[in-house]
Amino acid sequence: MENSIDIDRQKIDEIIERYKGSPESLLMIMQDISDVYNYLPKEAISILTEKMSIRESLIYSVATFYKTISLEPRGKFIVSVCTGTACHVRGAEKIVDALQEDLGIKEGQTTDDSLFTLEAVRCIGCCASGPVITVNKEIHGGLDRYSAVKVVDGYRGHAS
Ligand code: FES
């Protein structure tokens with residue numbers, strides 16, 4: 001079941017206006033909304049169909065094609081562990097294991113408090129700093145299983 005979140009209609013209207021409601025900008029509009037909520041909420045989809053006169057199926061096709069946009073609720077903090085080759089040989093799997101244990105979720109899942117989503121990603125281009133994780137867009141490198149847990153736990157303080 002989808003967790004209920006507060007949707008700020010005005011914010012979504014502003015994003016649509018930023019692109020003048022142009023259907024050619026649908027992907028960017030969806031991406032900007034997703035940057036606010038870390039996924040594309042159902043309520044936002046209704047607003048898009050209504051204001052842009054487009055079909056819901058188009059939104060689902062775009063979201064399916066561009067995997068950066070999730071239709072499932074995700075956490076406030078997206079914890080992405082790089083499991084590319086360079087990070088893998090430096091112990092990325094141990095970091096995944098440690099974070100799964102610390103957060104009490106498996107990779108691909110979101111904590112019950114909707115704070116963290118854990119995912120494994122391919123190389124993010126900072127191989128020299130590996131193993132690397134990102135939390136939303138912030139990069140943390142040179143980690144081991146203990147420091148990775150500490151980094152992620154540090155975000156609890158930014159929860160509100
Ligand atoms: S393999 Fe992890 S940043 Fe390149």
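Leu48 falls short on exactly one of the conditions (1) more than 30 Å from Pro23 (Cβ to Cβ); (2) in the same structural domain as Lys20 (by TED's automatic domain parsing), and that condition is (1). Scanning the stretch 23-59 for residues that are surrounded by fewer than 18 Cβ atoms within 10 Å (Cβ to Cβ) and assigned to a loop (DSSP other than H, G, I, E, B) gives Ser53, Ile54, Arg55. When Glu50 is tested against (1) away from the ligand (no atom under 14 Å from the Cβ); (2) in contact (Cβ under 8 Å) with a residue 24 or more places away in the chain, just one condition goes unmet, and that condition is (2). Taken over the stretch 94-115, residues that are surrounded by 15 or more Cβ atoms within 10 Å (Cβ to Cβ) and among the acidic types (Asp, Glu) amount to 2.
Taking the criterion of being surrounded by fewer than 17 Cβ atoms within 10 Å (Cβ to Cβ), farther than 20 Å from Tyr155 by Cα and within 10 Å of the ligand (Cβ to nearest atom), would at least one residue in the stretch 75-83 satisfy it? Before the answer, list the steps.
Going through the stretch 75-83, the residues surrounded by fewer than 17 Cβ atoms within 10 Å (Cβ to Cβ) turn out to be none.
No, the stretch 75-83 contains no residue that is surrounded by fewer than 17 Cβ atoms within 10 Å (Cβ to Cβ), farther than 20 Å from Tyr155 by Cα and within 10 Å of the ligand (Cβ to nearest atom).
Got at least one residue in the stretch 54-61 being over 18 Å from Val121 (Cα atoms) and touching a Lys or Arg at 6+ places or on another chain (Cβ under 7 Å)? For the stretch 54-61, residues over 18 Å from Val121 (Cα atoms) and touching a Lys or Arg at 6+ places or on another chain (Cβ under 7 Å): absent. Taking the stretch 111-142, which residues are touching a residue at least 40 places away in the same chain (Cβ under 8 Å), of a type in the set (A, V, I, L, M, F, W, C) and away from the ligand (no atom under 11 Å from the Cβ)? Scanning the stretch 111-142 gives Leu115, Phe116, Val135.
Each row is one residue, and each column tells you yes or no for (1) at pLDDT 95 or above; (2) of a type in the set (Gly, Ala, Ser); (3) farther than 22 Å from Val151 by Cα.
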| residue | (1), (2), (3) |
| --- | --- |
| Ser34 | no, yes, yes |
| Tyr39 | no, no, yes |
| Thr64 | no, no, yes |
| Ser70 | no, yes, yes |
| Lys76 | no, no, no |
| Leu99 | yes, no, no |
| Gln109 | no, no, no |
| Asp113 | no, no, no |
| Phe116 | yes, no, no |
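Within the stretch 96-110, being among the charged types (D, E, K, R) and within 16 Å of the ligand (Cβ to nearest atom) holds for one residue alone: Glu107.
The values are calculated or read from the model by the stated rules, or taken from the named source; none is laboratory data. If you're wondering where the values come from, they're calculated on a predicted model, not measured in any experiment. Reconstructed Cβ throughout: ideal geometry from the backbone, glycine too, with neighbour counts over all protein chains shown.
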